[in-house]
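> Quick one: structure below, then a few questions.
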Amino acid sequence: MATFQDIQLLRVNFLRGPSVWTYRPILEVWLDLQELEDYPSNLLPGFNQRLTSWLPDLIEHHCGVGERGGFLQRLEGGTWCGHVLEHIIIELLNLSGMPAEFGQTRETSRRGVYRMVFRCPEEAVARVALAQGHRLIMAAINDQPFDLKAAIQDIKTAIDDRYLGPSTGCIVDAASERRIPHIRLNDGNLVQLGYGAAQRRIWTAESDQTSAIAEGIAQDKDFTKRLLASCGVPVPQGQVVASAEQAWQVAQDIGLPVTVKPSDGNHARGVTLELTREADIKAAFALAEPEGSEVIVERFIEGIEHRLLVVGGKVVAACKGETVSVTGNGRATLAELVAIENQDPRRGIEQEYPLSPIDVDAPAVQLELRRQDVSPDSVIEPGRSVLLQRNGNMAIDCTDDVHPDVAYYAQLAARIVGLDIAGMDMILKDVSQPMAAQGGAILEVNAGPGLLMHLKPTAGAPRPVGMAIVDHLFPRGEGAGHAGRIPIVGIVGTQGNAFTARLVGWLLQLSGKLTGVACSEGMVLASRRTQTSSAAHWAGAHRLLTNRLAEAAVIQTTARSILDEGLAYDRCLVGVVTDMDGFEQLADHDITEIGQMRRVLRTQIDVVLAEGAGVLNADIEPVAGLAELCDGEVLLYSLHADNPRLAAHRADGEGRAVFVRDAQVILASGASERVLGTLAALCLPGGQQPDTSALLAAVAAAWALDITPELIAAGIKTFEGSV
């Protein structure tokens, strides 16, 4: 069998935002099939069989056929390897736990060269999936071995390294459900929800409303207890100790049994419960000391560990814990019994698992075993239960059972500490009964609580805690549909667009909104230039959208930026397309004629909000033709009052247009007309006359933003174009 040369990856480009392909981030790959251009899948001996034996779930890919098994039909009928690689990568991502439902492969004008794309929100993960998919397809083509498990693990590792944690991820997903945009601000879990001045920030389950003072209080468990107790919240009696000997002394004073724990630890590390013997208490001190700055000995309270999640002053979820033990059979050692327990599919080292594997060598487990006079090598007699863990296993949902009195104390404790989002650790015999009647108590108040236990409980219903946090940050009600959004004006084309962008920014500033402008002449914020180099690209727009001062944004972009990077924003209030020039400089993107520019520049109109408007140059037929793609209103502008598209647009009765008649700028809405001013009067300070088409584009965009004609006229005359 002949060996084929590798498919060449000519260019790999990550598109971060809306692009010619889709609204979401994708990896675009330019492929050269070389000799494989003459060998579709049905002409490669054994290829289809090898591929489907490795990836049997390819049968679920509908492909263009539109039914289960559609892609396999394409394989058997003969499809080219670029298309096959697309489906291989999508399936590898699916097998790695990250569903990837979008992909496309298109020919270019060069024989054997294709553009292949697939959706993936993280570039590093996408590149790993591409590398593994490339290796797999070449192995299938050339009948070579391929380690599928290793490939999937490689992608999983990239996902674990790069993806948001489950707590942050569920909040971001909830924000997306409410159409609130998000921007990841670092490689960790710091995420901006919304744009500019409308943004809020989260870091796991902490928000920019989470007080640093409150977080500091919560970290000091002893001080937290004293603060809660002073306000009448039931807490266990306890004391900070400095040595193992003092721990034993305090335990006797408080009364046995006791709990020993670090004063500022988390995730139940270093916590040991129900201690009665001197040796165990001293050992527990040694276990707790490295996990915090101090060690606390407190009265042990009988009951079940519970975690209540309080968001915005309300209990939104609750779960309870269970102890972990194994039962002997007279044959297996304790270590072997634990190994069987660790096969529970709910246990795993990755963050998506609600329960962690049990480590028999962990100090806390070793201490429990010593208390029961057993070791990992002990063979446990039939029927004997050996306790491994007493805490840290909260994953049974009990939200619907929470008594109002229990909820009251949890909410009160959060307010006393000052946390907007808090995880309340409580000891209760029965969460459905009042606190005092059962002798319950609050053990800890946690800032930045983990949410996984509420998202993936081992029993009971998952709770929408991510949405509860989003609703807390962006309350529902009037204007909720615009949550997290500022007015964004996107402008694309080549004809005077920097002037148009800056004039629109000036008019927005005059209307009362602190406005930022990112254009080819630099960056301007509140009429102050902050950057002199071009900002008409993804990075410039991104800097503007992350600026908390910006109450509105005007962003100029280019066809090349859309092709290379995608748009930096998911949606805009106003989208402006001035022309379709510049295709001559885009041959590297296989664009060689003006007709191909429609697919590129329509991206700007595709992202206009339904309540927004598209502003189009009616003097250029292909630009005006984009009107049919706009979800919002369409405003046309023209240098000619008798433009036929203008007339048809106005004939609808409400269609708005801006045009020139007899050297006067006219604002028209259906049959109604208003003179904004003469071209001679609408000049810049010093009498400078701007390009008329660029001026009309700016006037139409400002009118689309509901800026009054009076302010538009006055703003033009006061606009300092050289600022």
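> Mind counting the residues in region 643-659 that are among the acidic types (Asp, Glu) and either closer than 15 Å to ARG674 by Cα or modelled with pLDDT of 95 or more (or both)? Explain how you work it out, then say what you get.
Step one: of region 643-659, the residues among the acidic types (Asp, Glu) are 652, 654.
Pick out the ones that are also either closer than 15 Å to ARG674 by Cα or modelled with pLDDT of 95 or more (or both) and you get 654.
Of the residues in region 643-659, 1 are among the acidic types (Asp, Glu) and either closer than 15 Å to ARG674 by Cα or modelled with pLDDT of 95 or more (or both).
> Kindly indicate which of GLU274, GLU322, GLU298, GLU302 is on the phi > 0 side of the Ramachandran plot and not in a helix (DSSP H, G or I).
Values: GLU322 fails: on the phi > 0 side of the Ramachandran plot; GLU298 fails: on the phi > 0 side of the Ramachandran plot; GLU302 fails: on the phi > 0 side of the Ramachandran plot.
Among GLU274, GLU322, GLU298, GLU302, only GLU274 is on the phi > 0 side of the Ramachandran plot and not in a helix (DSSP H, G or I).
> May I ask you to list pairs of residues, at least six apart or on different chains, whose Cβ atoms are under 7 Å apart, with the first in region 46-59 being at negative phi and without any contact (Cβ under 8 Å) to a residue 60 or more places away in the chain and the second being outside any helix (DSSP H, G or I) and surrounded by fewer than 18 Cβ atoms within 10 Å (Cβ to Cβ)?
What qualifies is ILE59/ARG68; ILE59/GLY69.
> Given the criterion among the small types (Gly, Ala, Ser) and under 41 Å from the mean Cα position of the chain (by Cα), identify the matching residue among ALA618, ALA668, ALA714.
Working: ALA668 fails: under 41 Å from the mean Cα position of the chain (by Cα); ALA714 fails: under 41 Å from the mean Cα position of the chain (by Cα).
Going through ALA618, ALA668, ALA714 in turn, just one is among the small types (Gly, Ala, Ser) and under 41 Å from the mean Cα position of the chain (by Cα): ALA618.
> Going through LEU586, LEU629, LEU635 one at a time, which residue ends up being surrounded by 22 or more Cβ atoms within 10 Å (Cβ to Cβ) and touching a helix residue (DSSP H, G or I) at 6+ places or on another chain (Cβ under 9 Å)?
On the way: LEU586 fails: surrounded by 22 or more Cβ atoms within 10 Å (Cβ to Cβ); LEU629 fails: surrounded by 22 or more Cβ atoms within 10 Å (Cβ to Cβ).
None of the others qualify; the one that does is LEU635.
> Of the conditions (1) part of a helix (DSSP H, G or I); (2) over 16 Å from ILE90 (Cα atoms); (3) of a type outside the set (Asp, Glu), GLY64 fails just one. Which one is it?
The number of the failed condition is (2).
> Given the criteria touching a residue at least 40 places away in the same chain (Cβ under 8 Å), over 30 Å from the mean Cα position of the chain (by Cα) and surrounded by fewer than 17 Cβ atoms within 10 Å (Cβ to Cβ), does ASP405 qualify? Give the derivation first.
Numbers: touching a residue at least 40 places away in the same chain (Cβ under 8 Å): no; over 30 Å from the mean Cα position of the chain (by Cα): yes; surrounded by fewer than 17 Cβ atoms within 10 Å (Cβ to Cβ): yes.
When the stated conditions are applied, ASP405 does not pass them.
> Further, regarding this structure: Answer with yes or no whether GLU86 is of a type in the set (Asp, Glu), in a helix (DSSP H, G or I) and more than 30 Å from GLY169 (Cβ to Cβ). Working first, answer last.
On the way: of a type in the set (Asp, Glu): yes; in a helix (DSSP H, G or I): yes; more than 30 Å from GLY169 (Cβ to Cβ): no.
No; evaluated as a whole, the condition is false for this residue.
> Right, next: Looking at region 91-106, which of its residues are closer than 14 Å to GLU60 by Cα, in contact with a strand residue (DSSP E or B) (Cβ under 8 Å, 6 or more places away or on another chain), free of Cβ contacts under 8 Å to residues at least 60 places away in the same chain and surrounded by fewer than 20 Cβ atoms within 10 Å (Cβ to Cβ)?
Across region 91-106, the qualifying residue is only GLU101.
> Only one residue in GLY477, GLY423 is among the small types (Gly, Ala, Ser) and either under 30 Å from ARG371 (Cα atoms) or assigned to a loop (DSSP other than H, G, I, E, B) (or both), so which one is that?
Numbers: GLY423 fails: either under 30 Å from ARG371 (Cα atoms) or assigned to a loop (DSSP other than H, G, I, E, B) (or both).
Being among the small types (Gly, Ala, Ser) and either under 30 Å from ARG371 (Cα atoms) or assigned to a loop (DSSP other than H, G, I, E, B) (or both) holds for just one of GLY477, GLY423, which is GLY477.
> Next up: Exactly one condition in (1) touching a residue at least 60 places away in the same chain (Cβ under 8 Å); (2) over 26 Å from ASP373 (Cβ atoms); (3) of a type outside the set (Lys, Arg) is not met by THR323; state its number.
Of (1) touching a residue at least 60 places away in the same chain (Cβ under 8 Å); (2) over 26 Å from ASP373 (Cβ atoms); (3) of a type outside the set (Lys, Arg), only one is false for THR323: (2).
> Sort out which residues of region 235-247 are crowded, with 22+ Cβ neighbours inside 10 Å and free of Cβ contacts under 8 Å to residues at least 60 places away in the same chain, and write them in order of number.
Correct list: VAL241, ALA247.
> Look through THR603, THR592, THR557 and report the one residue that is of a type in the set (Val, Ile, Thr), modelled with pLDDT under 95 and within 25 Å of GLU28 (Cα to Cα).
On the way: THR603 fails: modelled with pLDDT under 95; THR557 fails: modelled with pLDDT under 95.
Among THR603, THR592, THR557, only THR592 is of a type in the set (Val, Ile, Thr), modelled with pLDDT under 95 and within 25 Å of GLU28 (Cα to Cα).
> Okay, next question. Taking region 34-58 on its own, how many of its residues are farther than 16 Å from PRO145 by Cα and either of a type outside the set (Phe, Trp, Tyr) or not assigned by TED's automatic domain parsing to the domain that holds GLY77 (or both)? Walk me through how you get there before you give the answer.
First, the residues of region 34-58 that are farther than 16 Å from PRO145 by Cα: 34-44, 56-58.
Filter once more, keeping what is either of a type outside the set (Phe, Trp, Tyr) or not assigned by TED's automatic domain parsing to the domain that holds GLY77 (or both): 34-38, 40-44, 56-58.
Number of matching residues: 13.
> Let me ask something additional. So how many residues does region 356-393 have that are modelled with pLDDT of 75 or more, touching a strand residue (DSSP E or B) at 6+ places or on another chain (Cβ under 8 Å) and not basic (Lys, Arg)?
20
> Additional query: Among the residues of region 24-33, are any among the acidic types (Asp, Glu), modelled with pLDDT under 95 and either assigned by TED's automatic domain parsing to the domain that holds ARG127 or surrounded by fewer than 21 Cβ atoms within 10 Å (Cβ to Cβ) (or both)?
In the first step, residues of region 24-33 are kept if they are among the acidic types (Asp, Glu); the result is 28, 32.
Then drop every residue that is not modelled with pLDDT under 95, which leaves none.
No, region 24-33 contains no residue that is among the acidic types (Asp, Glu), modelled with pLDDT under 95 and either assigned by TED's automatic domain parsing to the domain that holds ARG127 or surrounded by fewer than 21 Cβ atoms within 10 Å (Cβ to Cβ) (or both).
> How do the pairs read when you match residues in region 528-543 that are assigned by TED's automatic domain parsing to the domain that holds GLN192 and without any contact (Cβ under 8 Å) to a residue 24 or more places away in the chain with residues anywhere that are outside any loop (DSSP other than H, G, I, E, B) and surrounded by 15 or more Cβ atoms within 10 Å (Cβ to Cβ), using Cβ under 9 Å and keeping only pairs 6 or more apart or on different chains?
Listed pairs, sorted by first residue: none to list.
> Restricting attention to region 366-419, report how many residues are in a loop (DSSP other than H, G, I, E, B) and of a type in the set (Ser, Thr, Tyr).
Within region 366-419, residues that are in a loop (DSSP other than H, G, I, E, B) and of a type in the set (Ser, Thr, Tyr) number 2.
The values are calculated or read from the model by the stated rules, or taken from the named source; none is laboratory data. Computed from a predicted model, the values in this text were never measured in an experiment. Backbone-built Cβ (ideal geometry, glycine too); neighbour counts: all protein chains shown.
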